[in-house]
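Here's the structure, in structure tokens; my notes come after.
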Amino acid sequence: MNKQLKIIIILLSVGIVLSIFALNLLGGGKQDDPVLAKVNGVAITQSQLSPLVQMYREKSRTDNLGQEEKLKILQGLIARQLMLQQKESEDIRKEERVVKQVKELEDRLVVSVFLEKHVGKNFVVTDEEIKEYYKQNLPKFASPPKVKARQIVLRNRNDANQVMEKLRKGGDFAQLAKEYSIDIAGAREGGSMGTIEKGRIRPELERAVFTLDVGELSDIVETPVGFHIVTVDERITTSYKPLNEVNESIKKAIMLEKESKAFDEMYEKLKKKAKVEIFEDRVQAAK
């Protein structure tokens with residue numbers, strides 16, 4: 001086993017302490033939990049080793065762990081327990097910074113369980129709710145507006161005026177693009193800009209192409225690139241993602257709404273029974 005993997009094992013074994021405590025306090029432990037080792041009579045169980053094994057798999061990108069790797073991870077847990085059993089550790093437990101962090105961890109776990117009981121209820125999202133949400137929020141599932149457009153790009157306004165005059169007299173847009181446009185790649189295609197999605201081109205050009213009717217000429221549009229004359233060949237009708245494609249995302253959105261509502265109701269209920277003072281001037285000054 002190389003040095004890097006050994007370091008990963010040690011860090012996982014020692015650094016997972018809070019996660020293991022959290023799992024146990026939140027009911028993550030198993031009643032049928034085989035004892036894998038004992039340190040001065042204190043058991044180290046499978047439920048303590050398993051999350052470390054999983055984390056090691058993810059960190060090392062290894063699916064199959066052999067006996068050697070698992071034993072090394074177990075040795076990390078044994079080392080942790082040996083440190084915890086030292087007399088010095090009892091003194092460390094009483095240090096202010098440790099007491100404070102333990103209290104903070106305890107508070108987080110208590111709040112987590114409280115929220116689980118009062119907000120994280122077993123909400124159900126029905127098919128009818130999903131269909132109604134889809135109907136009420138259809139614009140969210142629309143593809144951005146698109147057009148197929150062409151442009152002629154000139155170096156200066158004088159050239160642009162001359163080409164505009166030719167176009168107004170019936171000149172062929174594609175042919176004039178090939179002859180005069182400084183956008184070489186587009187000129188070869190008769191000035192084609194391809195299919196344009198809103199939000200993907202310069203704002204000045206976007207304002208022009210998305211306000212033109214099919215076949216209509218724009219005014220001369222100035223950008224850092226040059227002077228543009230634009231026309232629209234086709235407007236692409238807005239399409240919508242089908243319900244079956246967005247079903248899961250809608251379900252999650254509705255679930256979040258229900259949880260948010262439950263949280264707000266719980267908050268208001270608790271606040272009515274308490275004295276809550278907010279010092280807005282201090283909030284504003286807070287860094």
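The values are calculated or read from the model by the stated rules, or taken from the named source; none is laboratory data. Small disclaimer: the values here were computed from a predicted structure and weren't measured. Here Cβ is always computed from backbone atoms with ideal geometry, including for glycine, and neighbour counts include all displayed protein chains.
Of all residues in segment 214-233, those that are in contact (Cβ under 8 Å) with a residue 24 or more places away in the chain and on the phi < 0 side of the Ramachandran plot have Cβ atoms under 6 Å from Cβ atoms of residues that are loosely packed, with under 13 Cβ neighbours inside 10 Å and part of a strand (DSSP E or B), 6 or more apart or on another chain, in Val232/Val214. Restricting segment 119-150 to residues that are within 23 Å of the chain's Cα centre (by Cα) and among the β-branched types (Val, Ile, Thr), the residue that is modelled with the lowest pLDDT is Val119. Restricting to segment 180-190, and then to whatever is of a type outside the set (Phe, Trp, Tyr) and surrounded by 13 or more Cβ atoms within 10 Å (Cβ to Cβ), can you tell me which residue is farthest from Asn158 (Cα to Cα)? This residue is Glu189.
Taking the listed residues Lys59, Lys72, the one that is touching a helix residue (DSSP H, G or I) at 6+ places or on another chain (Cβ under 6 Å), basic (Lys, Arg), surrounded by 13 or more Cβ atoms within 10 Å (Cβ to Cβ) and modelled with pLDDT under 85 is Lys59, with no other qualifying. Residues in segment 63-89 that are part of a loop (DSSP other than H, G, I, E, B) and in contact with a Lys or Arg (Cβ under 8 Å, 6 or more places away or on another chain): Asp63, Leu65. Of the residues making up segment 66-104, those that are in contact (Cβ under 8 Å) with a residue 12 or more places away in the chain and of a type in the set (Lys, Arg) are Lys70, Lys72, Arg80. Lys38 meets all of the listed conditions (1) modelled with pLDDT under 90; (2) at negative phi but one, namely (1). Selection of segment 218-233 for residues being in a strand (DSSP E or B) and more than 35 Å from the chain's Cα centre (by Cα) yields Val221, Glu222, Gly226, Phe227, His228, Ile229, Val230, Thr231, Val232, Asp233. Looking at segment 239-254, can you tell me whether even one residue there is surrounded by fewer than 14 Cβ atoms within 10 Å (Cβ to Cβ), out of contact with any Cys (no Cβ under 6 Å at 6 or more places or on another chain) and under 22 Å from Val153 (Cβ atoms)? No: segment 239-254 contains no residue that is surrounded by fewer than 14 Cβ atoms within 10 Å (Cβ to Cβ), out of contact with any Cys (no Cβ under 6 Å at 6 or more places or on another chain) and under 22 Å from Val153 (Cβ atoms). The numbered conditions (1) surrounded by 15 or more Cβ atoms within 10 Å (Cβ to Cβ); (2) at pLDDT 90 or above; (3) not hydroxyl-bearing (Ser, Thr, Tyr) are all true for Glu259 except (2). On the stretch given as segment 191-217, residues that are in a loop (DSSP other than H, G, I, E, B) and within 18 Å of Asp159 (Cβ to Cβ) total 1.
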